[in-house]
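Working notes, beginning with the structure itself.
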Amino acid sequence: MNHEKSRCGKIIFADGQVEDARLFQEYKDGFKFHLAINTQIFCFEGIDYCDCMTKLLKKTNSTLLLEDALFIRTNQASLEKIIIEEKLFLSTDDLGEETLSFSLGCNYKGIHYNTAAVNDFSIALQDLRNQLQVEFHICAYCLRSDFKSDGGEDLRHSWFCFREVRELNPNKPWFQREDEFDEAIPNVDAFYWCPAFQYKFKIL
């Protein structure tokens with residue numbers, strides 16, 4: 001299955017220069033990014049979203065700011081959409097290795113919220129939800145989505161959607177449900193939402 005997505009944002013180079021940027025993501029047996037800056041286009045390939053993004057940031061020596069829409073619900077009323085600014089940058093760990101870091105920020109009811117995590121998108125996402133004290137109606141919190149906990153999971157962009165899978169056993173570990181994963185829609189964006197959404201009350 002082939003997935004494509006275009007995201008707008010800005011790129012901040014090491015010298016402080018800021019440029020408008022557009023990121024084209026394509027998934028088909030791995031990731032391919034096309035980063036457009038003015039008249040230049042840079043291409044990157046990787047085994048997953050984080051691998052591809054790390055290569056992009058290393059090659060351009062930059063920080064990337066991207067915007068996403070996120071659906072929330074504060075009560076039983078209709079859904080509300082807020083804009084999330086996602087900041088992606090490389091940081092150095094204790095061993096001197098460069099790792100991908102995530103920072104999520106938004107303005108909600110006149111207050112600015114911001115979270116950050118090194119090499120783990122789910123921590124930044126959960127911290128933001130805790131700060132806002134609302135329900136996130138996105139794939140990462142859907143009862144009919146899951147990921148493979150094999151140590152190489154990418155919680156930014158490697159969710160499996162099971163809305164078309166008839167026989168679903170979410171209480172079993174993923175390695176006992178390989179047939180369900182084979183039927184599921186792979187590589188779904190954590191921020192995606194669809195009308196089949198069913199909220200699950202669990203921390204990622």
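The values are calculated or read from the model by the stated rules, or taken from the named source; none is laboratory data. Because the structure is a prediction, the values reported are computed rather than measured. Here the Cβ is made from the backbone with ideal geometry for all residues, glycine too, and neighbour counts use every protein chain on show. The area values use the complete protein model at the heavy-atom level, side chains included, leaving out ligands, DNA and RNA. Shrake-Rupley method; radii C 1.70, N 1.55, O 1.52, S 1.80 Å.
Tabulated data for the structure shown
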item	result
On Cα atoms only, tilt of 49-60 relative to the major axis of the chain in degrees	10 degrees
Distance between the stretch 56-92 and the stretch 1-55 - C-alpha centres, whole angstrom	14 Å
Helix 121-132 axis, angle to the chain major axis (alpha carbon atoms, nearest 10°)	80 degrees
Estimated 222 nm signal from helices in the chain, with DSSP H stretches of n ≥ 4 weighted -39500 (n - 2.57), rounded to 500	-4500 deg cm²/dmol
Set of lysines near K59 by C-alpha distance (under 30 Å), chain-local residues within fewer than 8 positions excluded	K5, K10, K28, K32, K87, K148
Magnitude of the charge dipole, the chain, Cβ model with Lys/Arg +1 and Asp/Glu -1, debye to 20	700 debye
GluC sites (Glu not before Pro) restricted to the stretch 134-174 and DSSP loop, no more than 12 other C-beta within 10 Å	E164, E167
Alpha carbon centroid spacing (whole Å) that separates the stretch 165-204 from the stretch 109-127	23 Å
Relative contact order of the stretch 29-186, pairs being alpha-carbon contacts under 8 Å that are 6 or more residues apart, as %	14 percent
Candidates per trypsin sites (Lys or Arg not before Pro) in the stretch 121-196, loop by DSSP, up to 11 other Cβ within 10 Å	R166
Of the trypsin sites (Lys or Arg not before Pro) in the stretch 20-90, those whose Cβ has at most 15 other Cβ within 10 Å and which sit in DSSP loop	K28
Accessible heavy-atom area order of I47, I123, I138, I12, highest first, probe of 1.4 Å	I47, I123, I12, I138
Distance in nm between pseudo-label sites at T92 and E19 (7 Å out along the Cβ direction from Cα)	2.6 nm
Segment W174-F71, extension gain: residue separation times 0.36 nm, minus the distance between their alpha carbons	34.4 nm
